[in-house]
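Step one of this worksheet: look at the structure below.
The values are calculated or read from the model by the stated rules, or taken from the named source; none is laboratory data. Note that the structure is predicted; figures quoted are calculated from it, not measured. Ideal geometry is used to build each Cβ from the backbone, glycine not excepted, and the neighbour counts take in all protein chains shown. Side chains are part of the model used for accessible areas, which takes the heavy atoms of the whole protein and leaves out ligands, DNA and RNA. Shrake-Rupley method; radii C 1.70, N 1.55, O 1.52, S 1.80 Å.
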Amino acid sequence: MIELPLFDGKNRFRVVQLNHTELVLVDYSYLKEREMINLTDYHRLWAQEKLNTSFIANYIGTYGTPAYMKAAYQFTEETKSNITCGAYLGINGPKVALLKGVVYFMNVNFKAFELEEEALTFITHQTKING
């Protein structure tokens, strides 16, 4: 199992401060479809009330089912004006192409990373640009 210091395995949704912006840490790792949808809905409702937020989402050990992808689309559609950028961990194989399609067609600043440190660097850089 990959060790991710930002994700402790206990808190599925955490908000921390990074460069004067709120960074949301969302841990989907090893969740089943219903749990993933519930967590996405929670993040969507939270983000609708905020401005200039970013997130890092951990998708290690997950599957993007059609029902989950519908919830993810709704999340992106309803929050894209509030979220500066998003970094994804655990996105590989077919999920990479799916994320690239979302980025292109929905015009969002989301990107996949292999390492947590790379994701943090991306988020930090983007918050400096947009902050």
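What the Cα convex hull of region 1-54 gives, in volume per residue, is 82 Å³.
Tell me, what is the percent relative contact order of the chain, built from C-alpha pairs under 8 Å that lie six or more residues apart? Can you show the working numbers first?
Details: 206 pairs, mean separation 31.4, N = 131.
Value for the chain: 24 percent.
Can you classify the chain as rounded, prolate or oblate using the Cα gyration tensor, where a ≥ b ≥ c are the square roots of its eigenvalues, rounded means a/c under 1.5, and otherwise it's prolate if a/b beats b/c and oblate if not? Rounded shape, in that the Cα axes give a/c under 1.5. Among Arg44, Arg34, Arg12, the largest mean-square fluctuation in a Gaussian network model of the chain, built with springs joining Cα atoms closer than 10 Å, belongs to Arg34.
Once you put a point 7 Å from the Cα of Leu51 and another 7 Å from the Cα of Tyr104, both along the Cβ direction, what distance in nm separates them? For the pair Leu51/Tyr104, the computed spacing is 3.3 nm. Dividing the summed -39500 (n - 2.57) terms of all DSSP H runs of n ≥ 4 by the residue count of the chain sets its mean residue ellipticity at 222 nm at -14500 deg cm²/dmol. Taking all protein chains as they are arranged and a probe of 1.4 Å, the heavy atoms of Lys111 leave approximately 100 Å² accessible to solvent.
Apolar share of the accessible surface for the chain: 55 percent from carbon plus sulfur atoms, 1.4 Å probe.
Scalar couplings 3J(HN,Hα) for region 52-59, obtained by applying the Karplus form with A = 6.51, B = -1.76, C = 1.60 to θ = phi - 60°, are 6, 10, 9, 8, 10, 10, 9, 10 Hz; x denotes Gly and Pro.
Restricting attention to the chain, close to 25% of DSSP beta bridges with both partner residues there are antiparallel.
Taking only Cα atoms and a 10 Å spring cutoff, compute GNM fluctuations for the chain and point out the largest among Leu23, Leu89, Leu31. Result: Leu31 has the largest fluctuation of those listed.
Looking at region 43-103, the chymotrypsin sites (Phe, Trp or Tyr not before Pro) that sit in a DSSP loop and have at most 16 other Cβ atoms within 10 Å of their own Cβ are Tyr63. Averaged per residue, the chain has 58 square angstrom of accessible surface, using a 1.4 angstrom probe with ligands and nucleic acids left out. For the options Thr84, Thr40, Thr121, a Gaussian network treatment of the chain with springs between C-alpha atoms closer than 10 Å singles out Thr121 as fluctuating the most. The 3J(HN,Hα) values that the Karplus relation (6.51, -1.76, 1.60; θ = phi - 60°) gives for region 65-70 are, in residue order, 5, x, 5, 5, 4, 5 Hz. Gly and Pro appear as x.
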